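Novice: Let me begin by handing over the structure; questions about it come next.
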Amino acid sequence: MLSAFEQYSRALLSFQLGDGGGSYETKPASPGVLDIILRQALRSGHCVLLGVGNGETARKLASVLPAGTGFTVCELYPEKARGVGDGLPLLVDTSPVALVWLLFSVGLFRESASCILNPEIDDPKTRSRFQMIQKLHASFSPIDPIKRASNASLSVSAILHPDEPELEDFFAALPTAASEAVVVWDSDSVPDAVPASPVPVRHLAHRLERNFAAQRNRMLSACTGDWVLYLDGDERLAPSLVDILPHLLGVNECNCFAFPRMAVTNTGIKIGWGLWPDLQIRLFKNNPGIRFVRPVHERLEGLSGPTGLVVGASIRHLSDVLKTPETLARKHALFDAAGGFQRLHRQNLVYPTLEDSFFSSLTEHPIIGTWPETVSFQPL
């Protein structure tokens, strides 16, 4: 049976985007460096070698690591993995965040795994990309929020269009941990009939006018909760995230949380090239000075302090299964108009995917942790 890392890497390597993911220059490792790497690996119990390199160091490590010591080779460049990675225990993705997230998903934190840069990598820019994995992995601090009680209130919020599909399901799925919901409709007036909700809803109306940030700020100004969670009409919280949401409100170590977002298709969950985990800061304390900026691909400004992370509890993005190709094309045209772009937003027909069951098998229970400073995972 294939390991989780093998399943993921095979799915990604079966797909090629553009030039295939590029490669990089290598050099021979200095004498004695293998002994240094080996000592680091033995201290943690699992060696994560960052980069296949020319394959020599990776294969030597595989041959000398004692039984019971785990070994994974993380590779950011698919063409390098295809070229010299045959037979190695590979974990491949072009996204440093995806590779770190997969390590976290199987419990490989800094206490149980050493992330070691392959000394054969000769290019400074390439080394910097792999060092980002080291930094992200080393700075994650798991915490246990489950026993924390909180009296904090939560506003769940959204900006919606009256023609959004499956609105009944969207409202029905709003988390009952919220004390209120706030919806701003892209319309001159609130629709005559609005779907039922398990929480009280405040309905407002204002035309979008090609400015998503302004619409989000109208939404935010109406939220009275201590915390704010915001969603789109084609998003749903996974059951594991619904369950843990009340406990997150009692975490004082951070002022915001980022969740992985799964792009759901009829064939599975999209992966690779930043499609997963697609971290989204969606839950934050309703502190003064926080606002949305940029008319399209809006992002939050004014956040401070550590970022909370939730591994194994996702937002499910259902755009591809709820909307027709024509509807998606109109949505992308709206994004282009709001941002002043010309056909920047397009829908590819084929992506690498993995079944839902793959992700649910990674983490038995959600893992909560923090990164030491606010990290923006929102679109650039």
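Novice: Pull out a ≥ b ≥ c, the square roots of the eigenvalues of the alpha-carbon gyration tensor of segment 11-148, then state rounded if a/c is under 1.5, prolate if not and a/b is larger than b/c, and oblate in the remaining case.
Specialist: Here segment 11-148 falls in the oblate category.
Novice: Continuing with the same structure: For every helix of n ≥ 4 consecutive DSSP H residues, a contribution of -39,500 (n - 2.57) applies; sum these over the chain, divide by its total residues, and give [θ] at 222 nm rounded to the nearest 500 deg cm²/dmol.
Specialist: -9000 deg cm²/dmol
Novice: Tell me, what is the percent relative contact order of the chain, built from C-alpha pairs under 8 Å that lie six or more residues apart? Before the final figure, lay out the partial values.
Specialist: On the way: 759 pairs, mean separation 64.2, N = 380.
In percent, rounded to a whole number, it is 17.
Novice: Using Stokes-Einstein with the Kirkwood hydrodynamic radius over Cα pairs, what translational diffusion coefficient do you get for segment 194-240 at 10 °C and a viscosity of 1.306 mPa s, in µm²/s rounded to a whole number?
Specialist: Estimated diffusion coefficient is 124 µm²/s.
Novice: Label residue 67 and residue 152 with points 7 Å out from Cα along Cα→Cβ: what is the distance between them in nm?
Specialist: Placing both labels 7 Å along Cα→Cβ, they lie 4.9 nm apart.
Novice: Against the longest principal axis of the chain, how steep is helix 325-339, in degrees 0 to 90 to the nearest 10, with axes from Cα atoms?
Specialist: Orientation of helix 325-339: about 90 degrees from the principal axis.
Novice: Anyone know which of 320, 192, 144 comes out most mobile in the 10 Å Cα GNM of the chain?
Specialist: 192
Novice: Quick check: residue separation of residue 299 and residue 218 times 0.36 nm, minus the Cα distance between them. What number comes out in nm?
Specialist: 27.7 nm
Novice: Related question: Can you work out ³J(HN,Hα) from phi for every residue in segment 23-32, in order, using Karplus 6.51 cos²θ - 1.76 cosθ + 1.60 and θ = phi - 60°, giving whole Hz and x for Gly and Pro?
Specialist: For segment 23-32, the Karplus curve yields 8, 7, 7, 10, 9, x, 6, 5, x, x Hz.
Novice: Oh, and also: Say R0 is 41 Å: what FRET efficiency, to the nearest 0.05, do residue 163 and residue 14 get from their beta-carbon distance? List each step's numbers first, then the result.
Specialist: On the way: r = 37 Å, r/R0 = 0.89.
The formula returns an efficiency of 0.65 here.
Novice: With a ≥ b ≥ c the root eigenvalues of the C-alpha gyration tensor of segment 76-185, is it rounded (a/c under 1.5), prolate (a/b larger than b/c) or oblate?
Specialist: prolate
Novice: For the chain, find the longest principal axis of its Cα atoms and tell me its angle to the long axis of helix 124-139, 0 to 90°, nearest 10.
Specialist: 70 degrees
Novice: Between residue 243 and residue 362, what length in nm is gained on full extension when 0.36 nm per residue of separation is reduced by their alpha carbon distance?
Specialist: Working it through step by step, the gained length comes to 41.1 nm.
Novice: To continue, here is another question. Could you give the spread of the C-alpha atoms of the chain along their three principal axes, from largest to smallest, in whole angstroms?
Specialist: Here the spans come out as 73, 47, 38 Å, largest first.
Novice: Of all beta bridges DSSP finds with both residues in the chain, what is the antiparallel percent, to the nearest 5?
Specialist: Values: 26 of 60 bridges.
Here the antiparallel bridges make up roughly 45 percent for the chain.
Novice: Go ahead and run the numbers for FRET between residue 143 and residue 112, Cβ-Cβ distance against an R0 of 25 Å, rounding to 0.05.
Specialist: Working: r = 16 Å, r/R0 = 0.65.
The calculated FRET efficiency here is 0.95.
Novice: Can you list the residues, at least 5 places off or on another chain, whose amide H is less than 5 Å from the amide H of residue 258, using H built in the peptide plane?
Specialist: 308, 309, 310
Novice: Another one. Hey, with R₀ at 22 Å, roughly what FRET efficiency would residue 176 and residue 203 work out to, going by the Cβ-Cβ distance, to 0.05?
Specialist: Step by step, r from the Cβ atoms, then E = 0.70.
Novice: Does segment 180-324 classify as rounded, prolate or oblate by the C-alpha gyration tensor (a ≥ b ≥ c root eigenvalues; a/c under 1.5 gives rounded; else a/b over b/c gives prolate, otherwise oblate)?
Specialist: Details: a/c = 1.42, a/b = 1.10, b/c = 1.29.
Rounded shape, in that the Cα axes give a/c under 1.5.
Novice: On to the next question. Give the angle, between 0 and 90 degrees and rounded to the nearest 10, that separates the Cα long axis of helix 4-13 from the longest principal axis of the Cα atoms of the chain.
Specialist: The angle comes out at about 80 degrees.
Novice: What are the residues whose amide H is under 5 Å from the amide H of residue 201, where those residues sit 5 or more places off or on another chain and H is modelled from the backbone?
Specialist: 181
Novice: Taking only the alpha-carbon atoms of segment 111-175, what semi-axes of the equivalent ellipsoid follow from 5 times the gyration tensor eigenvalues under a square root, in whole Å, largest first?
Specialist: 42, 23, 10
Novice: Karplus couplings for segment 255-271 from phi (6.51 cos²θ - 1.76 cosθ + 1.60, θ = phi - 60°), rounded to Hz, Gly and Pro as x?
Specialist: Residue by residue, segment 255-271 yields 9, 7, 10, 10, 10, x, 10, 9, 7, 8, 10, 6, 10, x, 9, 5, 9 Hz.
Novice: Please list the non-local residues whose amide H lies under 5 Å from the amide H of residue 273, H modeled 1.01 Å from N, same-chain partners needing a gap of 5 or more.
Specialist: 94, 95
Novice: Related question: What longest range of the chain stays clear of loop-exposed GluC sites (Glu not before Pro) (DSSP non-H/G/I/E/B, at most 16 other C-beta within 10 angstrom)?
Specialist: Excluding the exposed sites themselves, the longest stretch runs over 254-354.
Values in this text are rule-based calculations from the coordinates and carry no lab data. All of these numbers come straight from a predicted model, not from anything done at the bench. All Cβ positions, glycine included, derive from the backbone under ideal geometry; neighbour counts span all protein chains shown.
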